[in-house]
Amino acid sequence: MKRLVIFILFIPLLTWPQENSIMATKFILGETEISIYEQKSQAPGNIVFVNVHEDETTSIETLYRYADIDSIHFFYLRHQWTRRIVFTMKGRNYDFDPNRIFTKKGRKKTLKDGANYSGKANKQVKKLAEAILNRLPEGHTVVAVHNNTDEEYSIKSYAEGGGEAENTKSVYINPDTDPDDFIYTTDSYFYEAFKKAGVNVILQDNKGYVNDGSLSVYCGKNEIPYINIETQKGHFDAQMRLMEQVLRVVRSRK
Ligand SMILES: [Zn+2]
């Protein structure tokens with residue numbers, strides 16, 4: 001009888017913090033409501049993980065699964081399960097890529113690439129950019145998680161002659177690994193550490209990059225250490241392994 005009481009008491013204690021640690025914050029764009037889901041932790045290393053492309057589901061799954069085995073701080077956007085966010089304002093629809101909104105130039109271009117453009121819509125999107133940037137605590141390494149599906153886009157895109165070569169300062173390709181699974185960083189310390197570990201890695205040219213308004217451009221400009229873990233969609237194990245490598249490298253940085 002005593003044993004049964006202990007059992008009943010312990011189950012909620014063990015499960016409660018895990019379920020309760022995700023916090024959803026509402027965010028209004030025009031007349032459309034989206035959410036920011038965030039899980040905080042006091043883990044060592046000062047790292048914040050962020051996903052801004054909601055359709056890149058493997059990376060969100062990785063965050064949740066990794067949070068089961070290690071204490072990590074992460075957040076992601078919740079809207080229409082799409083890459084671009086659609087919102088309505090005064091009867092008009094607007095849409096944009098949430099990883100193109102962190103510079104003035106990028107924000108204007110991505111909105112103009114969508115259904116409509118107005119200065120007022122731009123202001124709404126700017127508020128979202130600020131809400132995301134406010135969630136990156138000072139002194140933290142920002143780790144973005146993405147998935148690619150396009151066979152044309154891989155680490156090879158960053159090598160000489162590739163479509164992304166303009167953004168590259170250095171690139172290391174391990175021929176024994178899948179070129180779709182790689183790390184992109186703004187920080188030469190991280191570049192060297194991943195290269196040494198045999199991980200596909202690109203060092204962003206923090207002066208010559210294309211100002212597309214992405215988080216990597218913002219971090220490069222503002223000297224915020226930034227890492228992007230990019231794997232093919234469905235490469236769950238590869239993304240888990242890269243998460244592990246990233247945590248090891250960032251936490252061991254002197
Ligand atoms: Zn992405």
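All of the numbers you see were taken from the coordinates with simple rules; none came from a lab. These numbers were taken from a predicted model, which means no experiment stands behind them. Cβ placement follows ideal geometry from the backbone for every residue including glycine, while neighbour counts extend to all protein chains displayed.
Observations, loosely collected:
- Projected label distance in nm at Arg83 and Ala131, using a 7 Å step from Cα toward the beta-carbon: 2.3
- For a modelled paramagnetic label at Tyr37, 7 Å from Cα along Cα-to-Cβ, the residues of the stretch 144-166 in reach, with backbone nitrogen under 19 Å, are 144-148.
- Packing-based exposure ordering (other Cβ within 10 Å, fewest first) of Tyr189, Tyr153, Tyr218: Tyr189, Tyr153, Tyr218
- Partners of Lys207 within straight-line reach, counting lysines whose Cα lies under 23 Å from its Cα and excluding those fewer than 8 residues away in the same chain: Lys104, Lys105, Lys108, Lys109, Lys156, Lys169, Lys195, Lys221.
- Sorting the segments 174-181, 195-202 by their mean number of nearby beta carbons within 10 angstrom, highest to lowest, gives 195-202, 174-181.
- Span from the the stretch 64-96 Cα centroid across to the the stretch 114-184 one, whole angstrom: 15
- Other residues whose C-beta falls under 12 angstrom from the C-beta of Asn206 contribute a net charge of 0, scoring Lys and Arg +1 and Asp and Glu -1.
- Its Cα centre serving as origin, the chain has a Cβ charge dipole (Lys and Arg +1, Asp and Glu -1) of approximately 1200 debye.
- Among Phe27, Phe74, Asn51 - extreme Cα towards positive end, dipole of the stretch 21-251, charges at beta-carbon: Phe27
- Rounded to the nearest Hz, the phi-derived 3J(HN,Hα) couplings of the stretch 137-146 under the Karplus curve 6.51 cos²θ - 1.76 cosθ + 1.60 (θ = phi - 60°) are x, 4, x, 8, 7, 8, 10, 8, 10, 9, where x marks glycine and proline.
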